[in-house]
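Since the structure comes first, as structure tokens, the remarks are kept for the end.
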Amino acid sequence: MNAPESATYDLPTRVASTPAVEVLSAEKTYPNGTRALMPVDLTIGEGEFVTLLGPSGCGKSTLLKMVAGMLEPTDGRLKVFRKPVQQIESSGRRMAFVFQSPTLMPWASVRTNVRLPLDLAGVPRKEAEARVSEALDLVGLEKFASALPRALSGGMQMRVSIARGLVTQPDLLLMDEPFGALDEITRHKLDAELLDLWREKKLTVIFVTHSIHEAVFLSSRVIMMAARPGRVVEEFEIPEPYPRTADFMVSPQFSRYAKKLQDSLLRASTAADEVAA
Ligand SMILES: Nc1ncnc2c1ncn2[C@@H]1O[C@H](COP(=O)(O)OP(=O)(O)OP(=O)(O)O)[C@@H](O)[C@H]1O
């Protein structure tokens, strides 16, 4: 992806001012009786980069899908840009969801795949094409607009998926382990590019991962969750300046944050085992 024009980052961390997402005692029990989430209270400010971290089954995806309005809470409420999720359009703001798998239409070109949300929304073709070109440019795939997905590497397919999210010009980007299936080097490259996009587009991001290192590298705040039943157990600020370069990853402070998260993850996993025993 292209670097933002100005690469000077002055913010130590984003200051949570206006809430972008408010989770108000929202909980979820699935129809089969699985208690996926105990009541969660969480406010995410505009411009934050928040990561949900925790052992398998702790409800990260469930929480993200409730924020997206793809799942109804069993009890409690969620607001996005001060409106109930279903009324986000009336706030004049938009959100996009990027899944772990790129889920591209294999028979359609990169350009057509990225245009899909605009076609579904009935955006006129000329405007849609211009926005697709801009989104492909942002993720560095403008030269591959006519290619079919199978001609692209896993990392490039994920970029297409991100472009498809960005084409709707979202204010809030929800990402469910988007780089989990990629090799370490590609993942790190996309992490760095995502931070550039976050900064350039002034996005609010909620990012699900299993990776402590990814969480430290990306986040202004990490929410630690535990399983059985799923719940939020701790949260951590990562008040380090952006951009976060490769040097940050080998710094003593990076190791300190990683150790804190590792200890917390261990506590979260042990808590689940004790509940299960
Ligand atoms: N549609 C569903 N019906 C019933 N139970 C579900 C459903 N989706 C998820 N669950 C259960 O809810 C709990 C939370 O699942 P969820 O996928 O939200 O966790 P997660 O933290 O995202 O897990 P992972 O890290 O493995 O992706 C798990 O016990 C899971 O098996």
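Residues whose amide H falls under 5 Å from that of residue 204, counting only those 5 or more places apart or on a different chain, are 47, 172, 173, with hydrogens built in the peptide plane.
A 1.4 Å probe, protein heavy atoms only, puts the accessible area of residue 94 near 100 Å². On the chain, 54 percent of the accessible area sits on carbon and sulfur atoms, based on a 1.4 Å probe. Cross-link partners for residue 259 among the aspartates and glutamates, with Cα-Cα distance under 18 Å and sequence neighbours closer than 8 places in the same chain left out: 214, 234, 235, 237, 240, 247. With the convex hull drawn over the C-alpha atoms of the range 104-226, the volume per residue is 116 Å³. Taking the inverse of the mean reciprocal distance over all distinct Cα pairs, the Kirkwood hydrodynamic radius of the chain comes to 19.3 Å.
By DSSP, what percent of the beta bridges with both residues in the chain are antiparallel, rounded to the nearest 5?
Antiparallel bridges make up about 55 percent of those DSSP assigns within the chain.
Accessible surface computed residue by residue for the chain, with neighbouring protein chains in place and a 1.4 Å probe, gives 46 Å² per residue.
Here, the range 101-169 has an Rg and a Dmax of 10.6, 31 Å when only alpha carbons are counted.
The residues neighbouring residue 234, those whose beta-carbon lies less than 12 Å from its own, together hold a net charge of +1 under the Lys/Arg +1, Asp/Glu -1 convention. Sites listed here are chymotrypsin sites (Phe, Trp or Tyr not before Pro) in the range 78-113 whose DSSP assignment is loop and whose Cβ has at most 13 other Cβ atoms within 10 Å: 107. With K and R counted +1 and D and E -1, the other residues having a Cβ less than 12 Å from that of residue 99 yield a net charge of 0. 3J(HN,Hα) couplings calculated from phi for the range 84-90 with the Karplus curve 6.51 cos²θ - 1.76 cosθ + 1.60 (θ = phi - 60°) are, in sequence order, x, 3, 5, 9, 4, 4, 6 Hz; Gly and Pro show x.
The values are calculated or read from the model by the stated rules, or taken from the named source; none is laboratory data. Quick caveat, the model's predicted, so the values are computed rather than measured. Positions of Cβ are generated from backbone atoms using ideal geometry, with glycine treated the same way; all protein chains shown enter the neighbour counts. For accessibility, only protein heavy atoms count, side chains too; no ligands or nucleic acids. Shrake-Rupley method; radii C 1.70, N 1.55, O 1.52, S 1.80 Å.
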